[in-house]
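Encoded as structure tokens, the structure appears first; notes follow it.
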Number of protein chains: 2
Amino acid sequence: MKTHFPPNAALRTLLVMLMLAPLTGIAQGAGPLTIKEQGSFFVGGEHRQVSEPAAGVIPAQTGEITVNQMYVQYQIPLRGAQHVPVVFVHGCCLSSKTWETTPDGRMGWSEYFVRKDRAVYLADQVSRARSGFDPSAFNRVHEGTLANAQMPGILDATHQFAWTVFRFGPKFGEGFADEQFPLAAVEELYKQMIPDLNATLPQNLNPTLTQMAALGVKLKGAVLVGHSESGFFPEQAALVDPTGIRGIISIEMPCNTTLGAMQLATLAKIPTLIMFGDHLADVKAPFSWMDAYTGCSTFVEQLKKAGGDAEMLYLPARGIKGNSHMLMQDKNSNQLADLLIAWIDKHVEGRNGRTP
Amino acid sequence: MKTHFPPNAALRTLLVMLMLAPLTGIAQGAGPLTIKEQGSFFVGGEHRQVSEPAAGVIPAQTGEITVNQMYVQYQIPLRGAQHVPVVFVHGCCLSSKTWETTPDGRMGWSEYFVRKDRAVYLADQVSRARSGFDPSAFNRVHEGTLANAQMPGILDATHQFAWTVFRFGPKFGEGFADEQFPLAAVEELYKQMIPDLNATLPQNLNPTLTQMAALGVKLKGAVLVGHSESGFFPEQAALVDPTGIRGIISIEMPCNTTLGAMQLATLAKIPTLIMFGDHLADVKAPFSWMDAYTGCSTFVEQLKKAGGDAEMLYLPARGIKGNSHMLMQDKNSNQLADLLIAWIDKHVEGRNGRTP
């Protein structure tokens, strides 16, 4: 018996439609994802001379190590060249895992943006995760040439700390009635929380800022997205070198409202969106989310006064309620991503809702 | 004017061929890559009660943190279900970056195996990179409740150490004439070398072993690949729980030749491949590569005597010369990957070279 392949015309039509989708302007939804290119690389990094004590299988060494490099992992979709690339930088005590599969197993923003035809770059902050850190100060304390008091502090958030600071509910173990964070999967968030060694970094200029600016240049223009600890990093990176920064999205952090006129003039040239979730006044945190929100509102006004295209995206004002500090992992994370994508299309790419 | 789409029959045929490739047994080569599913998750992790000093924006805390979890990143190709998944675990002072884009910018084994229709899982060792680490001992030294001498040592390899131990050449800065490592890009390898905090782990049982065994079970069977520090981890994981371990590939490490009959009987049930590169006797390292090779040859014989399907893949014996310790990044890395894939097909999947 002779068989035809594909077995019938309907299947053939379906397959051709699926295949042509990336070529015909239909962004990829659920189902298989086609990547034009993916990989990882480092930005920056310099040599440092060290004397290290013996440890494990490695004897005492004198030589060089590389420090201050920033690890970046990326995916470029088939139609990625038609949009400005997006760089995501995670917050305190977290890694790029922030943007991947959510604690309850849904697609994270990293893949969602790729499916919306954006090239996506995930950076592990310098001194965190796959970027590594400079262990010199710890080794010097160990060998007794540096006082314990001089040892860099290690930031590590407890579950109890995260619950309220991330605004899951009014107190540990108790959720807000309209909470958007997937609390049933909170244990999976706790696993993402890792020690933050930023205190090991040069205190005059965080190398992550330098590398973010350099990454923008390397990409010939990118939207930088920061969150929490890194929320204001895109602005700070732009003050290092604005050349490659086409747009800024800052999510839930304190803003610097004391910038000078020259600095504001630099930032005012870059479209800026600042995003805050819900329940800002409803948790007792060691710092005030309302103060952060108020300060950032002032910063937005400063940018506007300097001629900038700046906007506060306060979700409750849009009728979107219950979002936590980890809003890229909240149950409505795709809806929030769509808001950011629409903002990029309009304010960074000037598409005004037109299909490219 | 009316246009037809696709514009002509030849293009249509080409497009249909490209699209059908994943369905018709043609593995994906260069060009776009289609992923059925990708993401990341953690294996294991338990709560630990801590009292932490104030650091940065975080006040002194008493509460719980999660430790000993293992971060895993994965990609499943369209035809992934037809093969046994492959789990890669990196070595000392490295992260899963080991398996990604090579220092000179070529495709790493992680993507290469996906293009050969294998589901690939990259694990950051517990206490490394995105898996995080337990900072308690450092914090206790900082606050003075633990003696400096009790502080865990931090393993960090210098460039000078790596050059000879990774067998790039006889001495720092000098390469072997037939060296396969892309020495012109060695700076990019140095950026991958990050502090190793394995000394912070429980000393009775490395949690990475437990999580590797659990990952095998979760995947309903996997080939575990270890390298260098983690080279013997697949065997050790199998001694924790062999249930999910369908095959073992151990690359360049010392083997334990003192296992008992019961342990060897357990391991003998799992097809095992051990791989070594070239120039084993040509560098002065703090430990001897020849001793490692000789010990592993003994181990292979022990497995065979116990009825096992075990094999030593010594590359120079196959006429493949000049491979370094970082052979997954060497210029002939695709050729080496093909050897591993052929071994998996034959010894783990019993395909004997047949197309599935």
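Every number here is computed from the coordinates shown, using simple stated rules; none is lab data. What you are looking at is a predicted structure, and each value in this text was computed from that prediction instead of being measured. With ideal geometry, Cβ positions are generated from the backbone for all residues, glycine too; neighbour counts draw on all protein chains shown.
In chain A, helices alone account for a calculated mean residue ellipticity at 222 nm of -8000 deg cm²/dmol, with every DSSP H run of four or more residues adding -39,500 (n - 2.57).
With the gyration tensor restricted to C-alpha atoms of the range B:33-348, the semi-axes of the equivalent ellipsoid amount to 31, 24, 21 Å, longest first. Along the range B:327-332 the Karplus relation, 6.51 cos²θ - 1.76 cosθ + 1.60 evaluated at θ = phi - 60°, assigns HN-Hα couplings of 5, 6, 10, 5, 4, 9 Hz to successive residues, with x for each Gly and Pro.
With the Cα gyration tensor of the range B:84-202 giving a ≥ b ≥ c as the square roots of its eigenvalues, does the rule (a/c under 1.5 for rounded; else a/b larger than b/c for prolate; else oblate) give rounded, prolate or oblate? Oblate, because a/c is 1.5 or more while a/b does not exceed b/c. Look at B:Glu52, A:Glu64 and count the other Cβ atoms within 10 Å of each Cβ; fewest to most, that gives A:Glu64, B:Glu52. Close amide-amide hydrogen proximity is noted between A:Leu313 and A:Ile274, A:Met275, A:Phe276, each under 5 Å apart and 5 or more residues distant or on a separate chain (H modeled in the peptide plane; Pro and chain starts excluded). Computed from backbone phi, the HN-Hα couplings of the range B:70-84 come to 10, 7, 10, 10, 9, 9, 10, x, 3, 9, x, 5, 7, 10, 6 Hz, rounded to whole numbers (Karplus: 6.51 cos²θ - 1.76 cosθ + 1.60, θ = phi - 60°; Gly and Pro given as x). Backbone amide hydrogens, once placed in the peptide plane, bring A:Gly169 within less than 5 Å of A:Phe176, excluding anything fewer than 5 places away on its chain.
Sort the protein assembly as shown into rounded, prolate or oblate with this rule: let a ≥ b ≥ c be the square roots of the eigenvalues of the Cα gyration tensor; rounded if a/c is under 1.5, and if a/c is not under 1.5, prolate when a/b is larger than b/c, oblate otherwise. Oblate, because a/c is 1.5 or more while a/b does not exceed b/c. For the listed residue pairs A:Lys171/A:Lys284; B:Lys97/B:Lys220; B:Lys269/B:Lys304; A:Lys321/A:Lys346; A:Lys269/A:Lys304, the alpha carbons are over 19 angstrom apart in B:Lys97/B:Lys220; A:Lys321/A:Lys346.
Shielding value for A:122-130 is 3, the average number of Cβ atoms from other chains within 10 Å of each residue's Cβ. Distant-in-sequence amide contacts of A:Arg246, defined by a placed amide H-H separation under 5 Å and a gap of 5 or more residues or a different chain, comprise A:Ala222, A:Val223, A:Leu224. Build a GNM of chain B with springs between Cα atoms under 10 Å apart, and of B:Val120, B:Val87, B:Val217 the one that fluctuates most is B:Val217. Which of these, A:Thr145, A:Thr294, A:Thr243, has the largest mean-square fluctuation under a Gaussian network model of chain A (Cα springs below 10 Å)? Maximum among the listed residues: A:Thr145. Separation of the range A:95-141 from the range B:55-100 is 11 Å, based on Cα centroids. Rounded to the nearest whole Hz, the Karplus-based 3J(HN,Hα) values (6.51 cos²θ - 1.76 cosθ + 1.60, θ = phi - 60°) of the range B:63-68 follow the sequence x, 10, 10, 9, 10, 6, with x at glycine and proline.
The Cα center of the range B:172-198 and the Cα center of the range B:245-321 differ in position by 24 Å. Relative to the longest principal axis of the Cα atoms of chain A, helix A:289-305 runs at roughly 70 degrees.
Annotation: the residues A:Thr102, B:Thr272, A:Thr34, sorted from fewest to most other C-beta atoms within 10 Å of their own C-beta, follow the order A:Thr34, A:Thr102, B:Thr272. With all projection directions averaged, the alpha carbon convex hull of the range B:98-150 covers 5.5 nm².
Sorted from shortest to longest, the distances between the B:Glu301 label points of this copy and the other copies are 8.3 nm, with each point 7 Å from Cα along the line through the beta carbon. Taking the C-alpha atoms only, the angle from helix B:207-218 to the longest principal axis of chain B is near 30 degrees.
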